[in-house]
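*Asks:* Take this structure first; my questions come after.
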Amino acid sequence: MKVSFLNNGFFDRLETLSVHLRPDLSGYYGGKHPIRKYGQTIEFADYRKYELGDDIRRIDWNLFARLKKYFLKLYTDERQMHVRVFLDCSASMALYPKKAEYALGLAVALGFLAVQNNDKLSMYFLKDGTFVDPFGLIVGKNAFFSRIGAIENIAFGGEADFAKVVPRIPDEGTNDGLSILITDFLNENRWQTGVEYLLYKKRQVLVCQVLAQEDIAPAFVGRWELVDAEGGGAGDARNVNLRIGRPTLERYEKELQAYIGEIDSFCASRGAAFLSVGTDTPIEKVIFSELADRDLVR
């Protein structure tokens with residue numbers, strides 16, 4: 001599926017930002033994320049008393065001249081993180097083409113913010129009860145741009161089962177970065193299990209809900225047969241015949257807001273960030289405003 005707004009101008013507008021992660025993550029040597037552990041950068045962090053076996057080259061001799069005591073100079077440490085994007089490519093995501101395009105664009109934008117900050121990037125596309133990993137590990141902008149054009153070849157279909165698939169991802173990582181889930185949450189699978197697994201692995205988690213305007217404010221009026229996009233087609237038990245009027249639409253709006261509130265509460269109770277956006281919101285606004293407010297980008 002072609003993503004029309006993925007162009008040089010789009011990426012130029014994102015150049016000033018990068019992903020900002022928690023300092024308690026471990027990551028890998030050689031990155032740009034400050035962490036709480038002390039390391040070998042040139043930025044001073046603190047002092048501590050000298051102990052037998054410490055490197056005497058780190059003693060502050062000027063401080064010794066004043067206090068006649070030995071203190072070591074400690075410096076900040078910076079690490080490379082691994083950002084993993086899990087994108088729902090189920091049938092419901094493609095029911096409205098703009099939703100699929102928007103979700104792909106959001107995944108690419110967040111991936112770009114990762115690689116431009118020298119982080120590792122993996123992108124997993126979930127559908128038909130499994131996943132595909134067409135790009136492999138991406139490190140650096142050159143690798144990113146050489147592979148990301150193939151995102152237009154990603155097909156949508158079936159169901160995305162986060163609970164089953166996420167724990168099966170090879171090298172899902174422990175305490176080494178950010179996991180991003182992008183979905184519409186319009187399925188019956190227990191996505192909560194996938195989120196809890198990632199949190200169990202001590203990863204920072206961002207959960208993004210993408211909804212088309214048709215999801216938010218349906219314009220259906222009259223008698224309709226509602227067919228589950230991820231079901232078995234005609235005759236599926238999940239399909240319903242329904243007369244839709246103003247009371248039905250008002251009830252739908254209340255139920256949708258309650259459902260979004262449940263997702264938000266679940267994520268907040270477990271320390272995961274949550275964001276719900278409609279496809280009428282420009283992706284740049286999501287990143288520069290919504291994610292910046294959550295201190296996930298700077």
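*Asks:* List every residue pair whose Cβ atoms sit under 8 Å apart, with the two residues 6 or more apart in sequence or on different chains, where the first one lies in region 244-261 and is touching a residue at least 24 places away in the same chain (Cβ under 8 Å) and the second, anywhere, is among the polar types (S, T, N, Q).
*Replies:* ILE260/GLN209; ILE260/SER276
*Asks:* Now for a different question. So, of the residues in region 180-200 that are at pLDDT 95 or above and of a type in the set (D, E, K, R), which turns out to be surrounded by the most Cβ atoms within 10 Å (Cβ to Cβ)?
*Replies:* Taking the candidates together, the pick is ASP184.
*Asks:* Additional query: Are any of the residues in region 216-237 touching a residue at least 24 places away in the same chain (Cβ under 8 Å), closer than 24 Å to LEU126 by Cα, in contact with a Lys or Arg (Cβ under 7 Å, 6 or more places away or on another chain) and not in a loop (DSSP other than H, G, I, E, B)?
*Replies:* No, that holds for no residue.
*Asks:* Being touching a helix residue (DSSP H, G or I) at 6+ places or on another chain (Cβ under 9 Å) and not hydrophobic (A, V, I, L, M, F, W, C) is the filter here, so list the residues in region 93-110 that pass it. Steps first, please.
*Replies:* From region 93-110, those touching a helix residue (DSSP H, G or I) at 6+ places or on another chain (Cβ under 9 Å) are 93-96, 98-100, 102-110; that's our starting set.
TYR96, LYS98, LYS99, TYR102, GLY105 - these are the residues of region 93-110 that are touching a helix residue (DSSP H, G or I) at 6+ places or on another chain (Cβ under 9 Å) and not hydrophobic (A, V, I, L, M, F, W, C).
*Asks:* For the condition touching a Phe, Trp or Tyr at 6+ places or on another chain (Cβ under 9 Å), in a helix (DSSP H, G or I) and under 17 Å from ALA107 (Cα atoms), what is the one hit in VAL210, VAL166?
*Replies:* VAL166 is the lone residue from the list that is touching a Phe, Trp or Tyr at 6+ places or on another chain (Cβ under 9 Å), in a helix (DSSP H, G or I) and under 17 Å from ALA107 (Cα atoms).
*Asks:* Is it fair to say GLU172 is of a type outside the set (Lys, Arg), under 18 Å from PHE131 (Cα atoms) and either surrounded by 15 or more Cβ atoms within 10 Å (Cβ to Cβ) or under 17 Å from the mean Cα position of the chain (by Cα) (or both)? Spell out the reasoning first.
*Replies:* Details: of a type outside the set (Lys, Arg): yes; under 18 Å from PHE131 (Cα atoms): yes; either surrounded by 15 or more Cβ atoms within 10 Å (Cβ to Cβ) or under 17 Å from the mean Cα position of the chain (by Cα) (or both): yes.
It is true that GLU172 is of a type outside the set (Lys, Arg), under 18 Å from PHE131 (Cα atoms) and either surrounded by 15 or more Cβ atoms within 10 Å (Cβ to Cβ) or under 17 Å from the mean Cα position of the chain (by Cα) (or both).
*Asks:* Could you run through region 71-104 and say how many residues are crowded, with 22+ Cβ neighbours inside 10 Å and at pLDDT 85 or above?
*Replies:* Adding up the residues that qualify gives 17.
*Asks:* Within region 114-123, work out how many residues are surrounded by fewer than 22 Cβ atoms within 10 Å (Cβ to Cβ) and in a strand (DSSP E or B).
*Replies:* Within region 114-123, residues that are surrounded by fewer than 22 Cβ atoms within 10 Å (Cβ to Cβ) and in a strand (DSSP E or B) number 1.
*Asks:* Let me ask something else about it. Can you tell me which residues in region 152-179 are within 12 Å of LYS201 (Cα to Cα), of a type outside the set (A, V, I, L, M, F, W, C) and in contact (Cβ under 8 Å) with a residue 12 or more places away in the chain?
*Replies:* Within region 152-179, PRO167, GLU172, GLY173, THR174, ASN175, ASP176, GLY177, SER179 meet the criteria.
The values are calculated or read from the model by the stated rules, or taken from the named source; none is laboratory data. Just so it is clear, the structure is predicted and the values come from calculations on it, not from any experiment. Heads up, the Cβs are rebuilt from the backbone with ideal geometry, glycines too, and the neighbour counts pull from every protein chain shown.
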